[in-house]
Amino acid sequence: MVQLKGSSQPGLEHLVYKLRKSLYRLKQSLRQWYKKFNSYMIKIGYKICEYNYCVYVKSLNDDSFIFSVTYMDDILIVVKSVSDVNKLTTLLSREFNMKDLDDAKKILGMKIYRGRTTRRLWLS
């Protein structure tokens, strides 16, 4: 490794910098984000789905479930009640910088259709 141009000091050219925090767009930054996200989700009571490590599940008091699906640094929350979505987003926003993009219309190239009256979802 070499120091960046303009950042070296006379007599200290042999030293390099150690990153204490991952930087956006570095190869390991997404991995570091996932490790932090994973430990936080487990801390707040979620379990990792054994079939897909990007899916977190938590059983709720009304015998329903809340699912959190991550793809890169995007999160899709699936649950029966909007208030449960708000609780989770409040918890996550305390730990991470977030913005709510409202209802998902597409994920992984699939369109999401909602039947609000029938309370059903379809993917295409």
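Only the coordinates and a few stated rules stand behind these numbers; no lab work does. These figures come from a predicted structure and were not determined experimentally. Reconstructed Cβ throughout: ideal geometry from the backbone, glycine too, with neighbour counts over all protein chains shown.
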Subject >> Max mean-square fluctuation residue, GNM over the chain, Cα-Cα springs under 10 Å, options 62, 100, 84 >> reply: 62
**OP:** Find the relative contact order for segment 44-110 and round it to a whole percent, using C-alpha pairs within less than 8 Å whose residues are 6+ positions apart.
**Re:** 16
Original post:
Among 36/106; 36/87; 5/36; 80/111; 58/99, which pairs are too far apart, with a Cα-Cα distance over 24 Å?
Top reply: 36/106; 5/36
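Can you give the longest run of the chain that contains no chymotrypsin sites (Phe, Trp or Tyr not before Pro) sitting in a DSSP loop with at most 12 other Cβ atoms inside 10 Å? Mind dumping the intermediate values first?
Numbers: sites that count: 17, 24, 51, 53.
Result for the longest clean stretch: 54-124.
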Subject >> Overall form of segment 29-123 per C-alpha gyration tensor (a/c, 1.5; a/b vs b/c) >> reply: prolate
**OP:** First check a/c for segment 70-124, with a ≥ b ≥ c the square roots of the eigenvalues of its C-alpha gyration tensor; if it is under 1.5, answer rounded, and if not, answer prolate when a/b is larger than b/c or oblate otherwise.
**Re:** oblate
Original post:
What are the trypsin sites (Lys or Arg not before Pro) within segment 46-124 that DSSP puts in a loop, where the Cβ has at most 12 other Cβ atoms within 10 Å?
Top reply: 99, 105, 116, 119
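Given contacts defined as C-alpha pairs under 8 Å and at least six residues apart, what's the relative contact order of the chain, whole-number percent? Walk me through the numbers before you get to the answer.
On the way: 98 pairs, mean separation 11.2, N = 124.
Relative contact order, the chain: 9 percent.
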Original post:
Counting other C-beta atoms within 10 Å, which of 44, 66 has the fewest, and how do the rest follow?
Top reply: 44, 66
Original post:
What nm distance separates the two modelled labels at residue 116 and residue 86, each placed 7 Å from Cα along Cα→Cβ?
Top reply: 1.6
